[in-house]
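A.B. asks: Just dropping this structure here.
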């Protein structure tokens, strides 16, 4: 099983960009890639709109699966699934998410599952993103930013993953602000504190462009270390 889960230390640290870039690399190398974002939130432009993150994932993976499989739950307010359900008077059925994942796995060689927010984002009162990772029995990549304070967020994420006995592939750093930690310093800190591999770090660009990000991703990230050699 080569499928995996992309989680993060926070929202807006680049989970979608990392997931899309890995998907595009695998696709370019002849791998049939599926993508999934079980929970997405944000205001819809139109009634038929899908999550912008989901659009990006499907574009770069080339996946043509039904939106209901790729994104079982889309909440029309930018908040956690737990809070969205309270505000919108909705309920989440986790078995629907797991069944959707199983269908995607049966279709594709690899499925990349992207979380929402950080690893402790609540899906329901006593069920978090980390519980979903555990129920899907997936290993994880943790994506982190680079601002000062990142190491604290990262270690809290890592310690929780350890407590939940989650399988961890390693870390990817996105330099998402022009200030903060110097990248080589941050990579050394992460490895020294966790003992887990940092696959690489993507440097900050003033004018962000997703096309350029995806194209240049293999120049900064050791994709060969992700364990896809036997696909």
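Readers should treat all values here as calculations from the given coordinates under stated rules, not as data from a laboratory. Bear in mind the structure is a predicted one, so any value in this text is a computation, not a measurement. Positions of Cβ are generated from backbone atoms using ideal geometry, with glycine treated the same way; all protein chains shown enter the neighbour counts.
A.B. asks: List 144, 7, 121 from most exposed to least, where exposure is judged by having the fewest other Cβ atoms within 10 Å.
C.D. replies: Details: 144 26, 7 29, 121 22.
With the fewest neighbours first, 144, 7, 121 line up as 121, 144, 7.
A.B. asks: Now for a separate question. 222 nm [θ] for the chain, helices only, -39500 (n - 2.57) per DSSP H run of 4+, per residue, to 500?
C.D. replies: Calculated from helices alone, the mean residue ellipticity at 222 nm is -12500 deg cm²/dmol.
A.B. asks: Which ordering of 156, 90 is given by a fewest-first count of other beta-carbon atoms within 10 Å?
C.D. replies: Sorted ascending by nearby Cβ count, the order is 90, 156.
A.B. asks: For the stretch 3-135, build the convex hull from the C-alpha positions and give me its volume per residue in Å³.
C.D. replies: Hull volume over Cα atoms, normalised by residue count, gives 97 Å³.
A.B. asks: What is the spread of the Cα atoms of the stretch 181-224 along each of their three principal axes, largest first, in whole Å?
C.D. replies: For the stretch 181-224, the Cα extents along the three principal axes come out at 33, 25, 11 Å.
A.B. asks: OK, next. Quick check for you: which residues of the stretch 56-77 have the amide N under 16 Å from the point 7 Å beyond the Cα of residue 32 toward its beta carbon?
C.D. replies: Zone members listed by number: 61-66.
A.B. asks: Taking the Cα atoms of the stretch 59-112, what is the range of coordinates along each of the three principal axes, in descending order and whole Å?
C.D. replies: 37, 24, 15
A.B. asks: What does the C-alpha gyration tensor say about the overall shape of the stretch 100-205? Classify as rounded when a/c is under 1.5, otherwise prolate if a/b is larger than b/c, or oblate.
C.D. replies: Details: a/c = 1.96, a/b = 1.62, b/c = 1.21.
Here the stretch 100-205 falls in the prolate category.
A.B. asks: Relative contact order (percent) for the chain, with alpha-carbon contacts under 8 angstrom and 6 or more residues of separation?
C.D. replies: About 26 percent, as a whole number.
A.B. asks: What span do the alpha-carbon atoms of the chain cover on each of the three principal axes, reported in whole Å from largest to smallest?
C.D. replies: Its Cα atoms span 45, 38, 36 Å along the three principal axes.
A.B. asks: Once you wrap a convex hull around the alpha carbon atoms of the stretch 26-68, what is its projected area averaged over all directions, in nm²?
C.D. replies: If you wrap the Cα atoms of the stretch 26-68 in a convex hull and average its projections, you get 3.2 nm².
A.B. asks: Still on this structure, please answer the following. Counting pairs of alpha carbon atoms under 8 Å apart in space and at least six apart in sequence, what relative contact order in percent does the stretch 102-173 give? Write down the numbers at each step before the final one.
C.D. replies: Working: 59 pairs, mean separation 21.8, N = 72.
For the stretch 102-173, the relative contact order is 30 percent.
A.B. asks: Give, in nm to one decimal, the length gained when the segment between residue 222 and residue 189 is fully stretched (0.36 nm per residue of separation minus the Cα-Cα distance).
C.D. replies: Additional length available on full extension: 10.1 nm.
A.B. asks: Which whole number in µm²/s is D for the stretch 148-201 by Stokes-Einstein, with the Kirkwood Rh taken over Cα pairs at 4 °C and 1.567 mPa s?
C.D. replies: 112 µm²/s
A.B. asks: Here's something else I'd like to know. Rank the residues 165, 15 as a footprinting-exposure proxy: fewest other Cβ atoms within 10 Å of their Cβ go first.
C.D. replies: Ascending Cβ contact count within 10 Å gives the list 165, 15.
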